[in-house]
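S.K.: Take this structure, written in structure tokens, and hold onto it; I'll ask about it next.
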Amino acid sequence: MVKIGIIGGSGLDNPDILEDAKDIDVDTSWGKPSSSLKVGKINGVDVVLLARHGREHTIPTTQVNLRANIQALKDQGCTHILATTAVGSLREEIDRGDLVIVDQFIDFTRLRNLTFHEHFEPNKPIHTPMAEPFDDKLRQILIKK
């Protein structure tokens, strides 16, 4: 079963895209996510929508609780997460409103927790590999659509 989590940024946080939508307030071991979750369906597929900056767009980028957002979607059974962004591009041929499926990124955001791995067990360090940060199978599905 597929269940899609969508973390909407400034460009995609419209809850009206869901059929049979309802709100769910949740808490996680990392704290509260940025917003309540809006659950529903898009074309018969279960979807959970979360507003990255809050529904009223009140949470600055450096204060977004990424870990709580991801954990909230995982706790709802999401099998895939799509995260949108509206930060733009340095390439002139990419215009406002263009959909880009990225394969890499550079994150210059500072002052927030960036990992789920705050503590290592003795002699067992955990590092998240970032050479290929996005699931290629999911990227190819999106590109074909």
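The values are calculated or read from the model by the stated rules, or taken from the named source; none is laboratory data. This is a predicted model, so every value here is computed, not measured. All Cβ positions, glycine included, derive from the backbone under ideal geometry; neighbour counts span all protein chains shown.
S.K.: Give me a count of the residues in segment 61-79 that are modelled with pLDDT of 95 or more and not charged (D, E, K, R).
M.R.: 10
S.K.: Moving to a separate point now. Of the residues in segment 11-46, how many are aliphatic (A, V, I, L, M) and either under 24 Å from residue 87 (Cα atoms) or modelled with pLDDT under 90 (or both)?
M.R.: Taking segment 11-46 as the starting set, the residues that turn out to be aliphatic (A, V, I, L, M) are 12, 17-18, 21, 24, 26, 37, 39, 42, 45.
So of that shortlist, the ones also either under 24 Å from residue 87 (Cα atoms) or modelled with pLDDT under 90 (or both) come out as 12, 17-18, 37.
Qualifying residue count, segment 11-46: 4.
S.K.: Can you run down the residue pairs with Cβ atoms below 6 Å, 6 or more apart or on separate chains, where the first is in segment 78-99 and more than 19 Å from residue 38 (Cα to Cα) and loosely packed, with under 10 Cβ neighbours inside 10 Å and the partner is acidic (Asp, Glu) and at pLDDT below 90?
M.R.: Here the result reads none, with nothing in segment 78-99 linked to a residue that is acidic (Asp, Glu) and at pLDDT below 90.
S.K.: Here's a follow-up. Pull out all pairs, ordered by first then second residue, where Cβ-Cβ is under 7 Å, the residues are six or more apart or on different chains, the first lies in segment 125-145 and is more than 18 Å from residue 105 (Cβ to Cβ) and free of Cβ contacts under 8 Å to residues at least 24 places away in the same chain, and the second is of a type outside the set (Lys, Arg) and assigned to a loop (DSSP other than H, G, I, E, B).
M.R.: Taking only residues 6 or more apart or on different chains, the pairs are 126/117; 126/120.
S.K.: With respect to residue 61, determine if the residue is of a type in the set (Ser, Thr, Tyr), within 25 Å of residue 35 (Cα to Cα), surrounded by 12 or more Cβ atoms within 10 Å (Cβ to Cβ) and in contact (Cβ under 8 Å) with a residue 12 or more places away in the chain.
M.R.: Details: of a type in the set (Ser, Thr, Tyr): yes; within 25 Å of residue 35 (Cα to Cα): yes; surrounded by 12 or more Cβ atoms within 10 Å (Cβ to Cβ): yes; in contact (Cβ under 8 Å) with a residue 12 or more places away in the chain: yes.
Against the criterion (of a type in the set (Ser, Thr, Tyr), within 25 Å of residue 35 (Cα to Cα), surrounded by 12 or more Cβ atoms within 10 Å (Cβ to Cβ) and in contact (Cβ under 8 Å) with a residue 12 or more places away in the chain), residue 61 qualifies.
S.K.: Moving on to the next point. Kindly evaluate residue 46 against the criterion of being outside any helix (DSSP H, G or I) and either surrounded by fewer than 14 Cβ atoms within 10 Å (Cβ to Cβ) or among the basic types (Lys, Arg) (or both).
M.R.: No.
S.K.: For segment 101-129, how many residues are under 28 Å from residue 47 (Cα atoms), exposed (fewer than 10 other Cβ atoms within 10 Å of the Cβ) and among the hydrophobic types (A, V, I, L, M, F, W, C)?
M.R.: 1
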